[in-house]
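Here's the structure we're looking at; comments come further down.
The values are calculated or read from the model by the stated rules, or taken from the named source; none is laboratory data. Quantities reported herein were computed from a predicted structural model and do not represent experimental measurements. Cβ placement follows ideal geometry from the backbone for every residue including glycine, while neighbour counts extend to all protein chains displayed.
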Amino acid sequence: MKRKIKKIINIGDVSIGGGKPVLIQSMTNTDTRDAGATVAQIKESESAGCDIIRVSFFDMDCVGNIPEIKDKTTIPLVADIHFDHKLAIACIEAGADNVRINPGNIGKAEKVREVVKAAAERNIPIRVGVNAGSLRPELYDKYGGPTTGAMMEDLERQIGMIEDFGYDNLVIAAKSSDIDMMIAVNRLMDEKYDYPMHLGLTEAGTVFSGTIKSSAAMGILLHEGIGDTIRYSLTGDPVKEVEAARVLLRAMGLHKKGLNIISCPTCGRTRIDIIGIANELERRTAGMDINLDVAIMGCGVNGPNEAKHADLGIAGGDGKALIFKKGSIVKTVSEDKALEELLHMINEMTRGD
Ligand code: SF4
């Protein structure tokens, strides 16, 4: 898969575009006026592997918490602003690394100009984000609803306005909850613009169905080389968004962080608790900065070959498991020792033992 090369944009101390690795974004769902809760949630997302965090700033009390949030967290902060250009300017002045605005709801062009001026003074990128649910009202009439054409027209107008003010430090995004529309508008954006693109299926749904829908939409675009940052918009814990993003990027070869678990679906031949071992292994290695393929296989049909080709693996027998490392059987352990042995070996390999 060949990545599309876009202009490089710096967000805090990370860079996107230019063929750099696709980064994971998530968004807090705490009340931003509660700095402690917001910091705690950002730290959880950081630990899970989040690269960039977006936070809603909806009043000046929230904005007052930016120094504390920045002080106690390490990943770049994207301030999400709607309606009020003064909030956007205040966030930039308070140290946000990026502001996400929807110029269509900021109001008069003069207000957008003031935001652009503040961003330019500090070289802060602006993410121009349109969403099918909040296009300019006249576009719904013109297009008969939130269509790909309506989204594109809104985006072109917004980007054009900021470019006319002489600013091109931009990241762009267009989100829809409709998979076809989201893919179509992002393909058009990719053809037209050199700015790095943030992908997301907006309002995707619950953790289970939203993960599947988002993976379908973003997977297609990523496979075409489109996308520089991704977000799963799930109705749930933001950590789940980060975990889903990690798995997608790892599975597509776009990310080298994390355990790639290859595990069999189990069947009538299975004689050890493969489901328990695979799930517990995933839980206990979540967020670890490792790059290993681990095969968890139930029996001798496909097990030995999958296990041989992974970095580590087990092939189950009757109450026991063969353990493979880099293609060779290194030991046989009883079922109850299999998980701990794998974790021990993963730790050894991570340390380079
Ligand atoms: S590896 Fe063995 S236990 Fe697992 S699904 Fe295949 S045949 Fe069944």
Exercise for the section: For the stretch 333-344, state whether one or more residues are assigned to a helix (DSSP H, G or I), among the charged types (D, E, K, R), farther than 30 Å from residue 16 by Cβ and within 16 Å of the ligand (Cβ to nearest atom). Expected result: yes
Problem - Test for residue 50: is it closer than 30 Å to residue 284 by Cα, surrounded by 17 or more Cβ atoms within 10 Å (Cβ to Cβ) and in the same structural domain as residue 235 (by TED's automatic domain parsing) - result: yes
Fill in the blank from the handout: Among strands (runs of 3 or more DSSP E) entirely within the stretch 216-312, at least 3 residues that are within 16 Å of the ligand (Cβ to nearest atom), surrounded by 20 or more Cβ atoms within 10 Å (Cβ to Cβ) and not polar (S, T, N, Q) occur in 291-297
Problem - Cross-chain or 6+ apart pairs with Cβ under 7 Å, the stretch 260-285 first and within 24 Å of residue 47 (Cβ to Cβ), then part of a loop (DSSP other than H, G, I, E, B) and more than 16 Å from the ligand (Cβ to nearest atom) - result: none
Practice task
Report yes if some residue within the stretch 207-214 is in a loop (DSSP other than H, G, I, E, B) and either touching an Asp or Glu at 6+ places or on another chain (Cβ under 6 Å) or without any contact (Cβ under 8 Å) to a residue 24 or more places away in the chain (or both); otherwise report no.
Solution key: no
Problem - Single match in 24, 75, 42, 52 (criterion: modelled with pLDDT of 95 or more and farther than 29 Å from residue 5 by Cα) - result: 42
Handout entry: Residue satisfying all of: in the stretch 313-353; acidic (Asp, Glu) and surrounded by 15 or more Cβ atoms within 10 Å (Cβ to Cβ); farthest from residue 268 (Cα to Cα) among these
Key = 341
